[in-house]
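Take this structure first; my questions come after.
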Amino acid sequence: MKKAILLLITLFLASIIGCSTSQPTVEDEGLEVVNEAQDNSENVVANQPDNFRNLVDFLYRVSGVNITGPSSNPTITVRGISSINSGIEPLYVIDGQAIGTNYLTVNGMLNVRDIDNVKILKGSEASLYGVRGANGVIVITTRR
């Protein structure tokens, strides 16, 4: 009898664990943050039209992205400071083209309504960009 009860409890717990999701999706006011990697190292922010004024509005809602300073010239870091080349800003990549680490340059190049999604890379995913991606990479995809 004890073995049968123990077997039922074990099967019940296994079914609960098997039904849980490992990749949560959160939707908030037209913003979709999707955790695509199991180690929480990659986030994607999808644009819903007319919800954002500038790139900082996208990045405020992504976990692991820290924004400090005035909104006209913010300092953006991805999951802490890990400087190799004495800079702390992440690398910005627009449609596969590495632009640099200056937020003002990137924000001036983009119309916020053209942004399809913003992906944050840190760690092994950012190693594709070498040393330039050591402080994280913000990959921006436009609708073109």
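For residue 9 paired with residue 57, estimate the spin-label separation in nm (one decimal), with each label point 7 Å from Cα along the Cα-to-Cβ line.
5.4
Let's see if you can work this out: charge +1 on each Lys and Arg Cβ, -1 on each Asp and Glu Cβ, no other charges. What is the dipole magnitude of the range 100-144 about its Cα centre, in debye to the nearest 20? It would help to have the intermediate numbers written out before the result.
Details: 6 positive and 3 negative charges, 11 e Å.
With Lys and Arg at +1 and Asp and Glu at -1, about 60 debye.
Sort 105, 77 so the one with the fewest other Cβ atoms within 10 Å of its own Cβ comes first. Walk me through the intermediate numbers first.
Details: 105 12, 77 18.
Ascending number of Cβ neighbours within 10 Å: 105, 77.
Every number here is computed from the coordinates shown, using simple stated rules; none is lab data. For clarity, every value in this text was computed on a predicted model and none was experimentally measured. We place every Cβ from the backbone using ideal geometry, glycine too, and count neighbours over all the protein chains shown.
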